[in-house]
Each structure stands twice: as structure tokens, then as C-alpha cells.
1. Can you list the HN-Hα couplings for segment 64-81, worked out from phi with the Karplus curve (6.51, -1.76, 1.60; θ = phi - 60°), rounded to whole Hz and with x for Gly and Pro?
2. At 0.692 mPa s and 37 °C, plugging the Kirkwood radius over alpha-carbon pairs of segment 54-104 into Stokes-Einstein gives what diffusion coefficient in µm²/s?
3. I want to verify the translational diffusion coefficient of segment 37-82 in µm²/s; compute it with Stokes-Einstein, Rh as the Kirkwood radius over Cα pairs, at 20 °C and 1.002 mPa s.
4. Leu27 accessible area, nearest 10 Å², 1.4 Å probe?
5. Of all accessible surface on the chain at a 1.4 Å probe, what whole percent is carbon and sulfur?
6. Mean projection of the alpha-carbon convex hull of segment 4-106 over all orientations, in nm²?
7. How long, wide and thick is segment 1-54, going by the Cα atoms along their three principal axes, in whole angstroms, largest first?
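The values are calculated or read from the model by the stated rules, or taken from the named source; none is laboratory data. Values in this document were obtained by computation on a predicted structure and should not be read as measured data. Side chains are part of the model used for accessible areas, which takes the heavy atoms of the whole protein and leaves out ligands, DNA and RNA. Shrake-Rupley method; radii C 1.70, N 1.55, O 1.52, S 1.80 Å.
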Amino acid sequence: MFEFIAIVGAVQITIAFLLWLFDYPSLFATYLAGFRNQEPKKWYDHFFNVFFWIFISLAYYSFLKIAKKNGFFKTKLYYGLGLIVAVILFYGVVLPIMEFLFYEQT
């Protein structure tokens, strides 16, 4: 469980950094939006929707909301500061608590 949450957090932070780097109306943002299918019909469409919601959605939708509301420089500043705070909280608070709760002492 600890490893899964650590991987999900690391992927979300990596995607958030890449969105911050490339900005919203970019090829990368369009690529990420393609993972979500509005009306899934096949099993793999459902799989990619679950993949999208677990690994991509938080970083993507938070950046989308900030980018549509603010200009280029404000978006870079706000999202960059939020990304720094998220990394500090995730690696400094969440992972140590998860490690304490889920890792067995051998």
C-alpha cells in the first residue's frame, strides 16, 4: 500500500511539473486529456479512465483551473509555488506517516 501511494504521488508531482513546464494549451496537456474517455465502451477505455483519475486528474484539473483563471506569469507563479508546497508536504509529511503506519518493522 505504501509503495502504491508513493508511486501515485510521484507520478502526480511529475505530471504537475511537466504541465508547469509546458503550460496549458500545449501538446502535453492535450495528450493528458486524451486519457479520459467521456463514454467508455470497451474494457480498456474503463481502464484508462481509472488510470487517468488515479495518476493524472489532480495535477491536470488543478492546473487547468489556474490556467483558465489567470494569465501566463501568474499561472507559472501560483502553480510553481503550489508544486513546491505539495512536494514538501508529500515527501515531508505524508510519506513518513504512511511509512510509520504501513511498514512492518523487521
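1. Karplus-based 3J(HN,Hα) across segment 64-81 equals 4, 5, 5, 5, 6, 8, 10, x, 4, 6, 5, 4, 4, 5, 5, 6, x, 5 Hz.
2. Translational D for this selection: 262 µm²/s.
3. Taking Rh from Cα pairs, D becomes 178 µm²/s.
4. Ignoring ligands and nucleic acids, Leu27 comes out at about 150 Å².
5. Taking all protein chains in place, the chain shows 72 percent carbon and sulfur surface.
6. Numbers: hull surface 32.5 nm².
The number I arrive at for segment 4-106 is 8.1 nm².
7. Cα spread of segment 1-54 along its principal axes, largest to smallest: 34, 34, 10 Å.
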